[in-house]
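Below is one structure; the comments refer to it alone.
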Amino acid sequence: FKQKTAYEIGVRLVGSEMCIRDRYNQALAAYRNKDPDGSILLFQNLALSNPPNHLKDNIEFWIGVNYVALEMYDDAILQFETVLNEYPRGNKVHDSRYMIGVSYFKMGENSKAIEVLEGALKGNPPNEVRAKIAAQLNHIQ
């Protein structure tokens, strides 16, 4: 008899057995624990469970971040573009623009990365995101 960790037990709990916020935190924890495949599955399942509107853009964003971790940059860019197109007033718009630039950089498309990141700066991002964008631009150039 092997005692299961909270994570192992939690992965099987879906739907009404766990509140949406717990499921969101579990998916985020999987990402932070370097389990992008598990995190994607948890976020995708969460997306199918009719989450509240204020979490929908975050779910799409984190799926994209996991794709970056898996070096699936085209899929990541599509996820971040979904955030921009479907949730233009959401709290992940600026971060998504930043991550699109990072994805292009990781693909070796530096000129496209610079173009996206410079455009992201023009969108007046919050200071925290602005600093990340500036640092990435400095790294590329």
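The values are calculated or read from the model by the stated rules, or taken from the named source; none is laboratory data. The model shown is predicted, which means the values in this text are computed figures rather than measured ones. Cβ coordinates were reconstructed from backbone atoms using ideal geometry, including for glycine residues, and neighbour counts include every protein chain displayed. Only protein heavy atoms, including side chains, enter the accessible area calculation; ligands, DNA and RNA are left aside. Shrake-Rupley method; radii C 1.70, N 1.55, O 1.52, S 1.80 Å.
Here are some notes:
- First in the stretch 79-93 and closer than 11 Å to ASN53 by Cβ, second anywhere and of a type in the set (Asp, Glu) and open to solvent by less than 40 Å² (accessible area, probe 1.4 Å), Cβ under 6 Å, 6 or more apart: TYR87/ASP57; GLY90/ASP57
- Criterion (under 24 Å from ALA30 (Cβ atoms) and at pLDDT 95 or above) met by exactly one of LEU78, LEU117, LEU55: LEU78
- Of residues in the stretch 39-48 being touching a Lys or Arg at 6+ places or on another chain (Cβ under 8 Å) and farther than 23 Å from ARG89 by Cβ, the one surrounded by the most Cβ atoms within 10 Å (Cβ to Cβ): LEU42
- Count of residues meeting criterion [of a type outside the set (A, V, I, L, M) and within 21 Å of MET107 (Cα to Cα)] in the stretch 35-93: 16
- Exactly one residue out of ASP95, ASP57 is out of contact with any strand residue (DSSP E or B) (no Cβ under 8 Å at 6 or more places or on another chain) and farther than 22 Å from ALA134 by Cα, and it is ASP57.
- Restricting the first member to the stretch 109-138 and to residues that are of a type in the set (S, T, N, Q), and the second to residues that are in a helix (DSSP H, G or I) and open to solvent by 60 Å² or more (accessible area, probe 1.4 Å), the beta-carbon pairs closer than 9 Å and six or more apart or on different chains are ASN124/ARG130.
- Qualifying residue in the stretch 21-38 (condition: in a loop (DSSP other than H, G, I, E, B), open to solvent by 70 Å² or more (accessible area, probe 1.4 Å) and modelled with pLDDT of 95 or more): yes
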